Amino acid sequence: MTSFKKSLLAGITSEIPPKKEYDPRINHAPKRKDILNTAEKKLALKNALRYFPKKHHKILATEFAYELNEYGRIYMYRFRPDYEMKARSIEDYPGKSLQAKAIMLMIQNNLDYTVAQHPHELITYGGNGGVFQNWAQYLLCMQYLSNMTDEQTLVVYSGHPMGLFPSHKYAPRVVVTNGMMIPNYSKSDDWEKFNALGVTQFGQMTAGSYMYIGPQGIVHGTTITILNAGRKISDNGLAGKLFLTAGLGGMSGAQPKAGNIAGCITVVAEVNPKATIMRHTQGWVDEVIEDLDKLSNRVKKAKENKEVVSIAYQGNIVEVWEKFLEEDIYVDLGSDQTSLHNPWAGGYYPVGLSLAESNEMMANKPEEFKIKIKETLRRHAEAINKHTSKGTYFFDYGNAFLLEASRSGADVMSKDGIHFKYPSYVQDIMGPMCFDYGLGPFRWVCASGKKKDLEKTDKIACKVLEKLKLNSPKEIQQQMSDNIRWIKSANDNQLVVGSQARILYADSIGRIEIAKAFNEAIKEGTIGPIILGRDHHDVSGTDSPYRETSNIYDGSSFTADMAIHNVIGDSFRGATWVSIHNGGGVGWGEVINGGFGMLIDGSEESDNKIHSMIHWDVNNGIARRSWARNKEAIFAIKKEMKRTPELKVTLPNLVDDKIIDDLI
Ligand SMILES: NC(=O)c1ccc[n+]([C@@H]2O[C@H](COP(=O)([O-])OP(=O)(O)OC[C@H]3O[C@@H](n4cnc5c(N)ncnc54)[C@H](O)[C@@H]3O)[C@@H](O)[C@H]2O)c1
C-alpha cells in the first residue's frame, strides 16, 4: 500500500506529528477579527481539543491558543499533511467505495496549492470559502471516506464530519451543510464569532461542496457575460473596447482571460501582489503595470491598435477609475469583482493604505477600518458615476458591490429609492439569456486524471451540442453557438488548473445528453469514470436576491424554497453528494445555495441517475422562474412539459396591469 493511502486511512494518529512552522511564502488568510470574549475563547479551545486524545491536550492547548490569538482562528497547522495536496487518479485513493474515492479526489483538488487561495487555512476562494475549518476535520473526513461502503452516508456539518450513518446504495455518500444558522444569527459578525468557536463555516459555493475547478469554472460564465455585455453596447463586437474591473483572486482571476477570449482590452486592478503574480505566471493576465501613468499610456496604445490584451494594475481599483477620468480614457464596460460579500474581513481594500497597513487595521482597529472601507466605496461609486454619465455600461458582478456601496451611503440608488442605478449581470444578462432557459454552468472532472480523457470528453460534448443545436429554438441559438465555440477552443485556451475538469454552459437536455454520452464512452472503455457537477451559481441551486435570483420580480427573491427543494430533490434522485450553504457569492446571510456531485461509471444505474437527477436539478428552477412570470422561463417550461408528459408545472396567469393600477 502506498504511503499516501496509509496516511489517509490513518486519520488523526495517536502520536501527533511535529509542529509546523508558519510558511510566509504561502498566500495566507488575513488575521481574523478578535471577536471572542474570554469565556468564548476557552470554549473555542475546548471545542478544538475534542478531536484529540487527552494526553496531547496540554501541548495542543498552548498551540491552539496561540493560533486563536495570532490568526483569529484555530487551523491546527501542525496537522497539515506532508503529502502533496492535489487531485490524484481515482485509483490512487484507498477504500471500498468508488463514489467516496471520487469525493476525496474533489476535496484534495479544492485544497491544491495551485487552486486554493489560502491552502494552509483550508480556504479555496473568496477570502473565506472554507472546505474545512481545521486540519483535524480534513483528516477525519478523509479517513471516513477511505473506510466507508456504499451502504453508508457521511454527514458533514460545516466541515465537521459528524460520522458515518447506515443508508443504502442509492443514497448520497456524503451530505454537507455549511453555515446553516438560525436565521436571526446570520449577521456577518455571527460568522466571525461562530466560526472562531469552531462550530460553523462559510462554505462559499463550490469550496465547501468540493466542486471548485479553479477559475476555469468561472471563465466560461465570465466570457458569456462580457460577450453579451458587449452586445448590449454595440453590434460591432468588442475590438478596441475597454473593460475595467478589479480582482485577480479565485473567481475574479478569470476576468482577464475571459476578456481575451471575448476580444477586448481588459484592465484589472489588484491590491494583493501575490494574487497578481499567481495569475500572471499562470498566463491568465498578459501584462502587469504598477504605475498609473504607464497604465494610461499602455491603454491608449492598445485602444489605438485595437489590441486584444489583458493588463493587471498592481494597486487599488479606485485609483484607476479616477485616473481614467483625468486622462479622459473612455471605459466601454465596467464592473468590479472585489470580494464585497466579505467587506470587513479582507474582501475589499481601502484606497490610500498599503495592504499591510490595511490588514493591521482590520485586525486591530476594525471600527476604523470599516470607516475607511465606506469612504472608499463612496469614492469608488462617485468615479464610476462620472464614467457612466459619459456612456460607460456598468454592471454589478454579483459581489455585493452595489449593496455595500448603498449601505455606505454612496450614490448608487435610482430615483425610486428601491432599485440600484445599475443592473446586476444576472438581471440584464445571465438571468434572461441563460438561467431562465435552464442554461447554466454544467461541469465535469475526469476521475482518471488523464488529459487525454478530457480531450475526448470535449469532443463528445461538442458533438452532442452541435446535434442539439439543429433542433434548438431560435430563442437559444446564440447561446448554443457561444457554448459550442467555447468547447471547441477550451483545450487551446489551457484552462486546466488542478484536476482535469471542464465547464460548459448547457440546458437540461444538453446536460443530460452530454452526461449520457459520457456514460456510454465509459461503458465502452474509451474514457475512465467521470464526476459530474455544476457551480451553485446556476438556474435552480441558488436563492440570492442580489445575484442569481435578482431577476425574480414577484417578491419571492427573498425566499429560499427553491434552493432547499433543489438539494432535497437531488439527494433522492441519484446525487453522489449534496450540499446546502448559507452564504456564498454575495455573503453570509444573503444567500442560500446548494450543489451536487455525481460519479458516473458506465453502468445502467448511472444512466438512470443522470435522467432522474439532472432533469430535476434544472427544471426545478425553471418552474420557479416561470411562476415568477419570467417570460423566457414560461417558454422553457412549457416546452419541457410537452417533451416530458410526467412533468406538470403550475403556470402563472398574467394580469393586465391596468386593472390593478385603476384600483390602487
Ligand atoms: N466571476 C463570477 O462570475 C462571479 C460571479 C458572482 C460573484 N462573484 C463574486 O466576485 C467576488 C470575487 O470573488 P473571488 O473568488 O475572486 O474573490 P477573491 O477574494 O479571491 O478575490 C478578490 C480580489 O480582489 C482584490 N481586491 C480587494 N479590494 C480591492 C481593491 N479595492 N482594489 C483592487 N483589488 C482589490 C483582493 O485582493 C482579491 O485578490 C466575490 O464576491 C464573488 O462572490 C464572481
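What follows draws every value from the coordinates through simple rules; no lab data is involved. Here the structure is a predicted model, which is why all the values come from computation and not from measurement. Here the Cβ is made from the backbone with ideal geometry for all residues, glycine too, and neighbour counts use every protein chain on show.
For segment 159-308, the convex hull spanned by the alpha carbon atoms encloses 189 Å³ per residue.
Per residue, what volume in Å³ does the convex hull of the Cα atoms of segment 526-567 enclose? Please list the in-between numbers first.
On the way: hull volume 3.4 nm³, N = 42.
With only Cα atoms used, segment 526-567 gives 81 Å³ per residue.
Kirkwood-based Rg over Rh for segment 1-137 (C-alpha set), two decimals? If you can, show how the numbers build up before the last one.
Working: Rg = 15.7 Å, Rh = 16.1 Å.
Radius of gyration relative to Kirkwood radius: 0.98.
The value given for segment 100-140 is a Kirkwood hydrodynamic radius of 10.2 Å, derived from the mean inverse Cα-Cα separation. When the P(r) of segment 363-515 is calculated, the portion above 23 Å amounts to 56% of the C-alpha pairs.
Principal axis analysis of the Cα atoms in segment 130-223 yields extents of 38, 38, 25 Å, listed in decreasing size. Segment 189-248 has equivalent-ellipsoid semi-axes of 37, 14, 9 Å, by the square roots of 5 times the alpha carbon gyration tensor eigenvalues, sorted largest first. The alpha-carbon atoms of segment 232-292, seen along their principal axes, cover 38, 23, 16 angstrom, with the largest extent given first.
Specify which residue in the list SER3, GLY129, ASN305 is farthest towards the positive end of the charge dipole of the chain, using unit charges on the beta carbon of Lys, Arg (+1) and Asp, Glu (-1), about the Cα centre. Farthest towards the positive end: SER3.
With viscosity set to 0.692 mPa s at 37 °C, what whole-number translational diffusion coefficient in µm²/s follows for segment 593-661 from Stokes-Einstein and a Kirkwood radius over Cα pairs? Please report the intermediate quantities before stating the final value.
Numbers: Rh = 14.1 Å.
Estimated diffusion coefficient is 232 µm²/s.
Ranking HIS380, THR392, ILE460 by how far each Cα lies toward the positive end of the dipole of segment 356-464 (charges on Cβ) leaves ILE460 at the top.
Give me the orientation-averaged projected area of the Cα convex hull of segment 528-631, in nm², one decimal. Intermediate results must be reported in sequence, preceding the final value.
Details: hull surface 26.0 nm².
Seen from a random direction, the Cα hull of segment 528-631 projects 6.5 nm² on average.
Sites listed here are trypsin sites (Lys or Arg not before Pro) in segment 604-664 whose DSSP assignment is loop and whose Cβ has at most 16 other Cβ atoms within 10 Å: ARG629, LYS648. Short-range pairs are left out: with C-alpha atoms under 8 Å and at least six residues apart, the relative contact order of segment 1-157 is 28 percent.
The helix-based estimate of mean residue ellipticity at 222 nm for the chain, built from -39,500 (n - 2.57) per DSSP H run of four or more residues and divided by its residue count, is -13000 deg cm²/dmol to the nearest 500. Per-residue packing, averaged as other Cβ atoms within 10 Å, sorts the ranges 365-374, 508-517, 255-264, 10-19 into the order 255-264, 508-517, 365-374, 10-19, beginning with the highest. Approximating the spin labels as points 7 Å out from Cα along Cα→Cβ, the LYS642-to-THR62 distance works out to 7.5 nm.
Just tell me which aspartates and glutamates come within less than 18 Å, Cα to Cα, of LYS463; anything on the same chain fewer than 8 places away is out. Leaving aside aspartates and glutamates fewer than 8 places away in the same chain, those within reach of LYS463 are ASP453, GLU455, ASP482, ASP492, ASP507, GLU513, GLU520, GLU524.
I want to verify the translational diffusion coefficient of segment 6-83 in µm²/s; compute it with Stokes-Einstein, Rh as the Kirkwood radius over Cα pairs, at 4 °C and 1.567 mPa s.
Numbers: Rh = 13.7 Å.
So the translational diffusion coefficient is about 94 µm²/s.
Of all DSSP-defined beta bridges confined to the chain, some 55% are antiparallel rather than parallel. Considering all C-alpha pairs of the chain, those separated by over 42 Å amount to 22%. Remark: PHE394, PHE165, PHE635 ranked as PHE165, PHE635, PHE394, counting other beta-carbon atoms within 10 Å and listing the fewest first.
Centroid-to-centroid, using Cα positions, segment 375-404 and segment 286-319 are 20 Å apart. For segment 93-169, the convex hull drawn through the C-alpha positions has a volume of 82 cubic angstrom per residue. In terms of packing, defined here as the mean over residues of other Cβ atoms within 10 angstrom, the peptides 409-418, 553-562 line up highest first as 553-562, 409-418.
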